[in-house]
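The values are calculated or read from the model by the stated rules, or taken from the named source; none is laboratory data. Since the structure is predicted, the reported quantities are computational estimates derived from the model, not experimental observations. Here the Cβ positions follow ideal geometry from the backbone for every residue, glycine too, while neighbour counts run over all protein chains shown.
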Amino acid sequence: MSKFENRSARVALVIVGNEVLSGDTHDTNGHYLAHRLSEIGHRLELMLTIQDSFESFEEYVKPLISKFDIIFTSGGIGPTPDDITREAIARIVDCKAVVHEEAMRMLEEFYGDRINDNAKRMAVLPEGCELVMNVQTGAPGFKIGNIYSFAGVPEIFRDMFESVAPTLGGRPAFRRELTTKIGESRFSHVMREACEEFPDVEIGSYPKMSGEYRVKIVLKGYNGQALDSCLTFLSERITELEKK
């Protein structure tokens, strides 16, 4: 049983890659992870993009270990010289980066006669880590402590996450939503009143520039009755404003 079986975990995502910071690559893993974590009952509280450097891991990632329940990293576990995530994580958790025999076996099985020193480098992992399977390219991700390190390629990132998702536990929240054709400035005071009246309900508003409505209001929480009451409160008050 996961230690987060009946509660939400505090989660951070670290996106590793100069190519993301330069705009050469568009990250989609953050959006995917945020959505899936919300579905299973966790909250992504931080998304951080860093350079491929040991200094960045030391300065930005190491402090997160004690602040978050779970840290996911995306990218930097391939065979090229800029893929330093494996060694960098070993450093910040104070262990050695060593050849993982099972990871090497998996790589040899996947590559066969094509395996070379570049591919073998992907079997050098933090000592004592657990492997996260990768059926697409054979190069595994890993978990050590509260850090899960996944590939940056979106399809592989998703496969890796889905392989560990059943072990993460979580407490899914209830969700309600309504839409309105009036702008936020017309009803923001109503939202403030709702926040005071229903403190256990998380309320967010999301404008759009075109379509059948101007704003979507989303309610989330663990008390379904409170959500329904809050939804009724907002619907009635906003409907009155729409008529004016």
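Could you tell me how many of the residues in the stretch 21-54 are over 17 Å from ILE71 (Cβ atoms), in contact (Cβ under 8 Å) with a residue 40 or more places away in the chain and either outside any loop (DSSP other than H, G, I, E, B) or acidic (Asp, Glu) (or both)?
Of the residues in the stretch 21-54, 2 are over 17 Å from ILE71 (Cβ atoms), in contact (Cβ under 8 Å) with a residue 40 or more places away in the chain and either outside any loop (DSSP other than H, G, I, E, B) or acidic (Asp, Glu) (or both).
Got at least one residue in the stretch 95-107 being in contact with a helix residue (DSSP H, G or I) (Cβ under 9 Å, 6 or more places away or on another chain), among the β-branched types (Val, Ile, Thr) and within 28 Å of HIS42 (Cα to Cα)?
Looking for residues that are in contact with a helix residue (DSSP H, G or I) (Cβ under 9 Å, 6 or more places away or on another chain), among the β-branched types (Val, Ile, Thr) and within 28 Å of HIS42 (Cα to Cα), one finds none in the stretch 95-107, hence no.
Kindly indicate the residue of the stretch 200-244 that is under 17 Å from SER185 (Cβ atoms) and in contact with a Leu (Cβ under 6 Å, 6 or more places away or on another chain) and also surrounded by the fewest Cβ atoms within 10 Å (Cβ to Cβ) among those meeting that condition.
Here the answer is ILE203.
If you take the residues in the stretch 171-191 that are farther than 25 Å from PHE4 by Cβ and under 29 Å from the mean Cα position of the chain (by Cα), which one is surrounded by the fewest Cβ atoms within 10 Å (Cβ to Cβ)?
GLU177
Answer yes or no: is there a residue in the stretch 180-190 that is in contact with a helix residue (DSSP H, G or I) (Cβ under 7 Å, 6 or more places away or on another chain) and closer than 22 Å to SER8 by Cβ.
Among the residues of the stretch 180-190, not one is in contact with a helix residue (DSSP H, G or I) (Cβ under 7 Å, 6 or more places away or on another chain) and closer than 22 Å to SER8 by Cβ, which makes the answer no.
Among the residues of the stretch 71-89, which ones are out of contact with any Leu (no Cβ under 6 Å at 6 or more places or on another chain), in contact (Cβ under 8 Å) with a residue 40 or more places away in the chain and not in a strand (DSSP E or B)?
GLY75, GLY76, ILE77, GLY78, PRO79, ASP82, THR85, ILE89 - these are the residues of the stretch 71-89 that are out of contact with any Leu (no Cβ under 6 Å at 6 or more places or on another chain), in contact (Cβ under 8 Å) with a residue 40 or more places away in the chain and not in a strand (DSSP E or B).
With respect to the numbered conditions (1) surrounded by 15 or more Cβ atoms within 10 Å (Cβ to Cβ); (2) among the β-branched types (Val, Ile, Thr); (3) modelled with pLDDT of 95 or more, which one is the sole condition not fulfilled by VAL99?
Here VAL99 clears every test but (1).
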